1. Kindly state, to the nearest 0.05, the FRET efficiency for S571 paired with N648, given R0 = 22 Å and r defined as their beta-carbon distance.
2. What aspartates and glutamates could a cross-link reach from K192, if we take a straight Cα to Cα line under 15 Å and drop same-chain neighbours fewer than 8 places away?
3. Could you list which residues have their amide H under 5 Å from that of Q201, counting only those 5 or more apart in sequence or on another chain, with H placed in the peptide plane?
4. With +1 on each Lys and Arg Cβ and -1 on each Asp and Glu Cβ, and nothing else charged, work out how big the dipole of the chain is about its Cα centre, in Debye to the nearest 20.
5. State the extension gain, in nm to one decimal, for the chain segment bounded by D248 and N636, taking 0.36 nm per residue of separation less the distance between their alpha-carbons.
6. Any idea which of M472, M437, T492 is furthest toward the positive side of the dipole for segment 386-492, if Lys and Arg beta-carbons carry +1 and Asp and Glu beta-carbons -1?
7. Let me know the shape class of segment 410-567, please: from the alpha-carbon gyration tensor, a ≥ b ≥ c as square roots of the eigenvalues, rounded when a/c is under 1.5, otherwise prolate if a/b is greater than b/c, or oblate.
8. For segment 1-76 and segment 186-259, what is the centre-to-centre distance using only Cα atoms, to the nearest Å?
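Any read-out appearing in this document is the output of simple, stated calculations on the displayed coordinates, not a laboratory observation. Just so it is clear, the model here is predicted, and its values are computed rather than measured. Every residue, glycine among them, receives a Cβ derived from its backbone with ideal geometry; neighbour counts consider all protein chains shown.
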Amino acid sequence: MNKNPILWTPTPERAEASQLAAYQNWLKRTKGLEFDNYNDLWTWSTTDLEAFWQSICDYFELQFSAPATKVLAERKMPGAKWFPGAQLNWAENILFGRGVSDENQSLIIHSETFGRSELTWDQLRTQVASLALHLRQMGVGQGDRVAAILPNTEAAIIACLAATSLGAIWSLCAPDMGHVAILDRFRQIEPKVLIYQDSYQHGGKLISRQDEMANVVAGLPSLQQHIFVSAKGQNLPSGAIAWEGLLDTAAELSFIQVDFDHPLWIVYSSGTTGNPKPIVHGHGGILLEGSKQSLHLDLGPDSRFCWLTSSGWVMWNLQLGALGQGATVMLYDRAPNYPDMLDIWRRVADEKMTYFGAGAAFFTACAKAGIEPGANLDLSALVSLGATGSPMTSDGYDWVYRAVSADIWLAPVSGGTDFCGAFVGGNVMLPVRAGEMQARALGNAVRAYDPFGAELTGEVGELVCTEPLPSMPLFFWGDDDGSRLYESYFDTYPGIWRHGDWISFTAEGGSVIYGRSDATINRRGLRLGSSEIYQAVEALPEIQDSLVVDLEFLGKDGFMPLFVVLTHPGSLADGVKDQIKSSIRQFVSARFVPDEIIEVPEIPRTLSGKKLEVPVKKLLLGGDPAKVVNRDSMVNPDSFDIFIDYANDRNET
């Protein structure tokens with residue numbers, strides 16, 4: 001029996017008005033398919049793959065210029081062959097998606113650098129057509145790479161749509177990323193054109209990246225053109241083309257038709273412990289996954305959608321999927337804690353957003369700051385909240401229903417950059433339980449496995465996917481023999497995708513993520529995901545953030561240090577340590593009380609906000625500090641120094 005309390009239940013009216021209900025009604029009406037419950041629908045979607053994915057094409061009226069000879073030619077992993085013979089263009093489907101209206105807002109932009117602006121659908125298409133014309137005149141064609149270093153503003157959206165309309169391959173990095181990390185990514189793919197912004201306003205300060213961007217331009221010998229987006233009336237760099245002059249040329253919007261599996265964009269693994277993997281996704285797979293995700297996000301033409309994301313995080317790509325449903329998307333390019341933690345909530349309220357998503361760490365920070373958006377702002381339009389990036393604790397759920405709204409659908413999701421989608425996530429027709437994600441995503445045959453490949457229910461295991469997905473990587477760029485792709489996902493359970501997360505499923509199909517499986521805590525034979533320790537520790541008002549690693553030394557006793565960021569720095573007295581230990585004993589187990597508790601000023605995190613458990617673990621096990629982590633892939637690179645000092649001190653004792 002599920003002991004996690006129900007925090008929210010949809011009204012019958014909300015459930016029946018949902019996108020998922022409309023899809024199920026369509027299946028009944030057009031295909032004669034009817035299901036007693038969601039789990040039956042999910043089972044059909046993961047067993048009759050051909051019928052399910054064809055239904056997504058038909059239901060969303062996706063535009064194919066040439067039909068496929070079949071849905072799935074080879075049902076295997078890796079190497080599944082989807083929709084052979086089909087031709088389409090992803091950008092065409094986004095710009096002319098079902099429910100798009102020329103006069104409606106497509107984008108609302110809140111930028112600390114440029115202020116507030118907005119674009120109608122007609123304006124967006126006009127600017128995409130103009131830029132595509134200029135890119136074509138620069139020699140950009142099918143298969144060429146167009147790279148960009150841009151914040152989360154309309155420039156990145158326009159450039160992505162323009163490049164992919166030509167059949168070119170898009171790749172994006174955020175401007176706050178270090179130039180070494182950018183070059184580690186873009187050198188691998190050899191772009192023909194680079195679009196970049198070298199300064200931006202953040203937290204009330206003008207951040208100049210001119211030297212870093214000059215190093216990037218100089219470090220990419222493949223470049224034939226570079227396009228400069230001016231932040232504050234800056235002088236045009238030598239040899240660059242001004243962005244502003246590329247958007248107002250009258251041009252016909254046209255789309256190169258490509259194969260279903262033609263490369264669309266290249267995204268990257270975090271690159272925290274080695275050269276980042278350039279993950280190639282295809283036009284068709286991303287179109288299908290993005291369309292299907294709208295069922296789980298409950299997005300349609302009347303939705304007003306905002307996700308707090310950097311342009312360097314895969315959630316940036318999710319915004320384009322929302323656009324493809326005709327939704328109005330708010331791009332937020334500001335410091336969310338400036339001038340205070342209510343800033344983005346104010347804009348969500350003012351723009352009457354219906355859906356707001358962010359990393360789970362953002363909601364934790366809001367709770368720690370003591371803000372109550374629902375009490376201070378008119379959030380009556382906001383009916384849905386999403387979270388991802390790291391496991392959301394039950395305390396985070398409690399804060400949402402206490403401080404945001406008692407009547408809101410909170411639907412955390414978990415998936416990955418790897419396939420640009422979610423394995424588990426929301427279903428607005430089901431209740432929300434504390435600490436749980438509601439459902440397995442349609443079409444995603446996701447399960448928990450033990451080390452021997454047996455399925456687990458009610459127990460923690462490896463998150464696996466036993467059937468192929470259209471949006472799984474086509475390949476890694478430069479991985480000619482496919483060995484790197486195979487080693488990343490398929491070498492543990494041959495023919496089955498291993499994602500690298502710990503997960504447990506309830507009998508009802510709900511799930512809980514417990515953190516990365518390669519950062520597992522193993523105390524005298526009992527295995528645990530780190531998120532359970534974080535929940536117990538970070539529930540204390542004295543603790544802002546934490547990181548735990550389990551160090552297993554060959555022939556020696558294990559050692560588990562816990563690093564904490566205090567609400568009041570310098571106050572780690574024995575009393576606070578005792579509170580931490582007591583909370584872990586009470587809510588986890590005495591077996592997982594840390595061997596040592598250490599105060600640190602910051603927890604090292606990736607650019608997408610994930611804690612760097614594995615690099616810290618490798619460092620403390622004796623790894624070379626220069627090799628265990630790529631600091632340019634971190635949001636706070638200096639935070640790693642204190643862990644190096646700690647490792648050195650331990651080695652000396």
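1. On the way: r = 25 Å, r/R0 = 1.14.
So the FRET efficiency works out to roughly 0.30.
2. Hits, sequence-local ones excluded: D144.
3. T113, I207
4. Working: 51 positive and 78 negative charges, 84 e Å.
Using Cβ point charges on Lys, Arg, Asp and Glu, the chain gives about 400 debye.
5. Values: separation 388, 0.36 × 388 = 139.68 nm, distance 3.89 nm.
Once the chain is fully extended between D248 and N636, it gains 135.8 nm.
6. Final value for the positive-end residue is M437.
7. Values: a/c = 1.74, a/b = 1.21, b/c = 1.43.
Since a/c reaches 1.5 but b/c is at least a/b, the shape of segment 410-567 is classed as oblate.
8. 41
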